[in-house]
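What follows is a set of notes on a single structure, which appears directly below.
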Amino acid sequence: MEPINVDNFEAAARERLDPGVYAYFAGGAGDEQTLRANSAAFGRWELRPRVLVDVGEVSTGATILGSEIALPLLVAPTAFQRLAHPDGELAMARAAAAAGTIMCLSTVSSVSPAELAEAAPGAKQWFQLYWSQDRGFTADLLAAVAEARFSALVLTVNLPVAGRRERDVRAAFTLPDDLPLPNLPVELARRDFHAALGRIVDATLTWRDLEWLRSTCELPLVVKGVLTAEDALLAAEHGAAAVVVSNHGGRQLDGVPAALDVLPEVGDAVGERVEVLVDGGIRRGIDVLKALALGARAALTGRAALWGLATAGEEGVTQVLGLLRDEIELGLKLLGCRRPDEVTRSHVRRAGSLV
Ligand SMILES: Cc1cc2nc3c(=O)[nH]c(=O)nc-3n(C[C@H](O)[C@H](O)[C@H](O)COP(=O)(O)O)c2cc1C
């Protein structure tokens with residue numbers, strides 16, 4: 001059966017992938033409370049469609065940090081994409097560019113910033129930084145990112161150490177010896193990469209260190225992994241252009257809320273000071289619409305894109321992004337909105353609540 005939605009792609013990916021790799025992609029930290037909460041949260045919000053709005057012409061386009069993208073959905077940074085498909089990040093980049101959206105390259109990727117830029121010339125790409133203790137190495141990496149003309153730097157702030165993901169432990173998952181990891185300051189221990197991840201991030205970083213980052217790299221700064229109004233405000237004060245409300249797809253601190261449920265708190269606190277993005281649990285176009293209604297300018301997806309990549313490489317990601325784009329367009333029309341920025345708080349309500 002041809003996959004026709006994201007869940008079908010996950011099922012197809014699961015059949016193709018080595019069980020250990022599937023466990024690594026699908027799993028979350030601890031009891032996976034937060035992993036489940038991310039997707040369950042979408043079910044607790046209902047849409048409030050308006051009727052007799054002219055939806056003859058609808059655009060799914062959005063503007064993020066001044067860049068026009070074709071749909072309000074970006075590709076989140078995910079590590080080790082070559083475990084999903086031999087073409088890995090290069091296939092992901094080509095598919096994201098063809099869909100008219102931005103891909104965010106993880107520090108923990110199989111390709112350098114220059115190699116990724118070459119795969120999709122002219123495409124807008126962001127780079128996600130794990131900031132190592134070796135500042136000279138980080139400075140060189142940032143120079144390579146600027147040289148490759150990436151358009152934003154995404155600093156992930158919710159991983160001073162890696163969360164404990166028990167599915168990986170159960171599956172005794174290890175990295176293959178021949179997986180290239182060119183953006184790391186140290187050779188990653190393949191057998192215990194969870195512990196090794198801790199060595200590629202400086203756990204002593206504080207907000208004050210952002211000054212060094214901003215003086216070393218002129219790209220707009222996106223702070224990824226905030227879950228409170230307080231931290232979103234600190235990000236704004238320290239010069240961030242955007243924040244991503246994110247719990248890392250439930251892979252870091254288990255027991256934190258669904259990203260969607262934190263959005264209103266963050267949006268209300270920061271207002272127009274920074275752009276607000278969100279990720280976690282997106283499986284449907286209507287999930288994206290609910291995120292927009294609750295204050296996000298756009299969402300990101302991690303696993304949905306990985307399921308496409310694992311199923312059919314570049315073509316699989318193209319299909320996943322295409323079906324999500326179509327679902328967003330259909331949803332906009334049925335919701336009575338002509339563009340993503342017409343979706344407002346009045347288009348949702350808590351399930352079962354009186355308005
Ligand atoms: C397999 C996997 C690897 C990830 N690797 C990274 C990473 O290297 N850097 C990062 O900032 N976030 C990473 N994330 C988190 C994603 O960027 C994103 O926050 C999360 O996947 C969103 O949830 P979703 O998968 O439900 O869409 C990873 C997530 C997954 C599932």
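Values for this structure:
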{"quantity": "The range 86-105: number of residues that are in contact (Cβ under 8 Å) with a residue 60 or more places away in the chain and within 19 Å of G249 (Cβ to Cβ)", "calculated": "5"}
{"quantity": "Residue in the range 244-295 that is farthest from T156 (Cα to Cα), counting only those that are part of a loop (DSSP other than H, G, I, E, B), of a type in the set (D, E, K, R) and more than 16 Å from the ligand (Cβ to nearest atom)", "calculated": "E272"}
{"quantity": "Which listed residue, of L142, L129, is within 14 Å of the ligand (Cβ to nearest atom), surrounded by 17 or more Cβ atoms within 10 Å (Cβ to Cβ), of a type in the set (A, V, I, L, M, F, W, C) and closer than 27 Å to T101 by Cα", "calculated": "L129"}
{"quantity": "Any hit, the range 28-38, residues being part of a helix (DSSP H, G or I), under 30 Å from S353 (Cβ atoms) and of a type in the set (G, A, S)", "calculated": "yes"}
{"quantity": "Criterion (in contact (Cβ under 8 Å) with a residue 60 or more places away in the chain, away from the ligand (no atom under 13 Å from the Cβ) and in a helix (DSSP H, G or I)) met by exactly one of G322, G308", "calculated": "G322"}
{"quantity": "The range 85-125: number of residues that are in a helix (DSSP H, G or I), within 13 Å of the ligand (Cβ to nearest atom) and within 25 Å of A62 (Cβ to Cβ)", "calculated": "2"}
{"quantity": "Residue count, the range 63-84 (criterion: away from the ligand (no atom under 16 Å from the Cβ) and either without any contact (Cβ under 8 Å) to a residue 40 or more places away in the chain or outside any loop (DSSP other than H, G, I, E, B) (or both))", "calculated": "5"}
{"quantity": "Unique residue being acidic (D, E), surrounded by 24 or more Cβ atoms within 10 Å (Cβ to Cβ) and farther than 24 Å from V226 by Cα when the list is E118, E89", "calculated": "E89"}
{"quantity": "Evaluation of V270 against (1) among the aliphatic types (A, V, I, L, M); (2) under 18 Å from the mean Cα position of the chain (by Cα); (3) within 24 Å of W207 (Cα to Cα) (one fails), failing number", "calculated": "(2)"}
{"quantity": "Selected residue (criterion: surrounded by the most Cβ atoms within 10 Å (Cβ to Cβ)) from residues of the range 314-344 that are more than 13 Å from I286 (Cβ to Cβ) and small (G, A, S)", "calculated": "G316"}
{"quantity": "Among residues of the range 180-219, those that are of a type outside the set (F, W, Y) and closer than 29 Å to A84 by Cβ, counted", "calculated": "25"}
{"quantity": "Residue count for the range 126-158, restricted to those that are modelled with pLDDT of 95 or more, in a loop (DSSP other than H, G, I, E, B) and not hydroxyl-bearing (S, T, Y)", "calculated": "5"}
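The values are calculated or read from the model by the stated rules, or taken from the named source; none is laboratory data. None of the values given here were measured: they were computed from a predicted structure. FYI the Cβ positions are ideal-geometry reconstructions off the backbone, even for glycines, and counts take in every protein chain you see.
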